[in-house]
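Here's the structure we're looking at; comments come further down.
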Amino acid sequence: MNVTLRGKQAMSTALDADSDAREASLAHTFWLSFARVSGMVTASRWRGVRFLCYHSVVPVEDLPGLSRRTLVLTVGGFRNHLEWIRRNHYVVVSMAEALRLLRSGDAPRAQFVCLTFDDGRMDNFAGAWPLVKQAGYSAHFFVNSAVVGQSFARRFEARGVTRSYTEQFMDAVALRTVVHEGGSIGSHGHDHTDLTKLGEPEILQQLVESRRALEALTGGPIETHAYPYAHYDRRVLRATETAGYAVAFKVSTGTVRAIGSHNRFTLPRNAIRTGADNPDNYAIIRGGFDFSRFYSEARYRLRFR
Ligand SMILES: [Zn+2]
């Protein structure tokens with residue numbers, strides 16, 4: 001019930017972040033509500049490990065700028081997630097524990113959740129990590145080795161006014177602190193190039209270089225990779241194995257029950273969507289048929305057919 005109330009509250013903020021949804025009509029609101037209720041009704045009692053793919057977690061005032069570049073939650077929204085995950089008895093595990101469960105065949109014994117973050121922005125360290133620690137959980141951060149410690153000035157237009165902000169990425173100190181405090185790091189490629197657009201030597205170079213650089217920075221092994229833009233093909237899968245990764249992640253809805261040679265380079269992660277505290281995200285964790293996605297895709301097709 002709390003979720004529904006919070007959902008309604010958050011919906012206007014979530015819609016604000018989505019210019020495509022500004023003309024929210026009564027029918028639109030009705031369908032969104034239908035999608036959410038249907039998602040609850042079909043909620044699946046999944047078993048195994050559900051990997052969640054977060055991007056940025058920022059103070060509410062930073063949401064409008066960064067949501068134009070990536071998927072963003074507010075710090076308050078993320079705090080609600082962690083509370084909701086605990087209240088619903090999902091078991092949060094570290095990446096190492098998740099992989100151990102999947103290899104040993106023990107994963108179907110419960111509903112395990114593994115928190116992962118992409119792109120390595122500084123808000124992961126400043127906004128998300130303190131809450132993860134406070135909850136007694138761990139998290140895994142997929143980082144681009146080329147932008148460690150970098151920051152970029154960004155501008156965007158909002159209601160005819162140009163606004164600016166700084167997009168900052170975790171530095172070596174932040175990465176080492178995360179590892180020291182019980183988190184873990186994986187590779188998201190060297191400079192976030194879409195690997196499917198490269199020749200085979202360059203694909204391998206991205207995978208090897210990011211692994212080497214991140215191992216040098218953190219002093220520990222880098223065994224996981226998340227494909228930039230979640231794009232991969234046969235050549236990318238081959239190179240990921242050659243580069244020595246143990247597992248790699250794509251983005252799609254799903255739960256992993258076991259890990260084997262057939263799926264270790266295409267493990268699904270469930271993408272957490274933008275919105276201060278977007279109610280769709282609870283459906284993503286809960287499982288079941290994703291009516292919200294079905295609805296928004298159908299709407300998109302109608303618009304751009
Ligand atoms: Zn990314």
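Points to keep in mind about this one:
- For Val173, the criteria (1) surrounded by fewer than 17 Cβ atoms within 10 Å (Cβ to Cβ); (2) within 16 Å of the ligand (Cβ to nearest atom); (3) in a helix (DSSP H, G or I) hold in every case but one, which is (2).
- Taken together, the residues in segment 43-57 that are among the hydrophobic types (A, V, I, L, M, F, W, C) and within 16 Å of the ligand (Cβ to nearest atom) amount to 4.
- Restricting segment 126-159 to residues that are under 22 Å from Ile85 (Cα atoms) and not in a helix (DSSP H, G or I) leaves a set whose member that is farthest from the ligand (Cβ to nearest atom) is Gly136.
- Just one of the numbered conditions (1) in a helix (DSSP H, G or I); (2) touching a Phe, Trp or Tyr at 6+ places or on another chain (Cβ under 8 Å); (3) within 16 Å of the ligand (Cβ to nearest atom) is not true of Ala98: (3).
- Of everything in segment 59-91 that is of a type in the set (A, V, I, L, M, F, W, C) and within 16 Å of the ligand (Cβ to nearest atom), the residue that is modelled with the lowest pLDDT is Leu66.
- Subset of segment 201-223 (residues that are without any contact (Cβ under 8 Å) to a residue 24 or more places away in the chain and within 16 Å of the ligand (Cβ to nearest atom)): Gln206
- Checked against the criterion of being more than 20 Å from the chain's Cα centre (by Cα) and either farther than 30 Å from Ala213 by Cα or within 16 Å of the ligand (Cβ to nearest atom) (or both), the candidates Asp119, Asp106, Asp123 yield just one match: Asp106.
- Each residue in segment 176-193 was checked for being part of a strand (DSSP E or B) and more than 16 Å from the ligand (Cβ to nearest atom), and 1 of them qualify.
- Of Arg68, Arg50, Arg79, all but one fail to be assigned to a loop (DSSP other than H, G, I, E, B) and basic (Lys, Arg); the exception is Arg68.
- Options Ala226, Ala239, Ala258, Ala271: the member that is crowded, with 16+ Cβ neighbours inside 10 Å, under 20 Å from Gly105 (Cβ atoms), touching a residue at least 40 places away in the same chain (Cβ under 8 Å) and of a type in the set (A, V, I, L, M, F, W, C): Ala258
The values are calculated or read from the model by the stated rules, or taken from the named source; none is laboratory data. Everything quoted here is computed from the prediction, not taken from an experiment. Here Cβ is always computed from backbone atoms with ideal geometry, including for glycine, and neighbour counts include all displayed protein chains.
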